[in-house]
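> One structure coming up, written as structure tokens, with questions to follow.
The values are calculated or read from the model by the stated rules, or taken from the named source; none is laboratory data. Since the model is a prediction, treat every value here as computed from it, not as a measurement. Note that each Cβ is placed from the backbone with ideal geometry, even for glycine, and that neighbours are counted across all protein chains shown. Side chains included, ligands, DNA and RNA excluded: accessible areas come from the protein's heavy atoms. Shrake-Rupley method; radii C 1.70, N 1.55, O 1.52, S 1.80 Å.
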Amino acid sequence: MVQATWDEFTAGFDERDLALIGAFRAAATALPDVTEHVHRTEVQYKVVRVFTSAYVKSHWLEVAVDLLREVEHPLLKQAFPTTKRVITHRFTLASPDQVSEIAELMREARDTVGPGTR
């Protein structure tokens with residue numbers, strides 16, 4: 001993926017899009033020892049391994065959270081294995097407030113998948 005700056009990534013976003021991605025960024029960076037990796041099309045957060053990422057599409061926030069277990073959640077769009085141990089969960093969020101509804105899953109992902117799974 002092509003590295004980018006936050007301004008390059010968010011260029012063209014309207015206020016609603018900025019609020020969505022800003023809420024996600026705030027939740028991810030509130031977790032300890034995470035590194036932000038901004039790309040042209042998405043933003044990722046990792047410790048050693050990426051544990052969550054997001055992008056904005058048609059004014060919706062599309063979030064991926066990697067966990068070592070499959071969860072059920074009202075905002076869950078899809079869950080699928082990405083490795084033998086890791087299951088990616090995809091969420092589609094319409095408002096910044098909904099980020100708080102997946103924040104605990106993001107914390108779990110940071111604690112379990114973020115340090116690496118070997």
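> Do any strands (runs of 3 or more DSSP E) entirely within the stretch 30-105 hold 3 or more residues that are open to solvent by less than 20 Å² (accessible area, probe 1.4 Å) and of a type in the set (A, V, I, L, M, F, W, C), and if so, which?
Output list reads 60-67.
> Only residues that are touching a residue at least 24 places away in the same chain (Cβ under 8 Å) and of a type in the set (Asp, Glu): list them for the stretch 1-32, please.
Glu8, Asp14, Asp17
> Pick from the stretch 5-29 the residues that are closer than 14 Å to Lys57 by Cβ and open to solvent by 50 Å² or more (accessible area, probe 1.4 Å): which of them is nearest to the chain's Cα centre (by Cα)?
Per the criteria, the residue is Arg16.
> Quick one: would you say His37 is at pLDDT 95 or above, farther than 25 Å from Val2 by Cα and not polar (S, T, N, Q)?
no
> Which of (1) touching a Leu at 6+ places or on another chain (Cβ under 9 Å); (2) under 21 Å from Trp6 (Cβ atoms); (3) without any contact (Cβ under 8 Å) to a residue 12 or more places away in the chain does Ser53 not meet, given it meets every other one?
With (1) touching a Leu at 6+ places or on another chain (Cβ under 9 Å); (2) under 21 Å from Trp6 (Cβ atoms); (3) without any contact (Cβ under 8 Å) to a residue 12 or more places away in the chain applied to Ser53, the lone miss is (1).
> Please list, ordered by first then second residue, the pairs with beta carbon atoms under 7 Å, 6 or more apart or interchain, first in the stretch 67-87 and charged (D, E, K, R), second at pLDDT 95 or above.
Once the first residue is charged (D, E, K, R) and sits in the stretch 67-87, its partners that are at pLDDT 95 or above give Arg69/Ile87; Glu70/Ala79; Glu70/Ile87; Lys77/Arg90; Lys77/Phe91; Lys77/Thr92; Arg85/Leu68.
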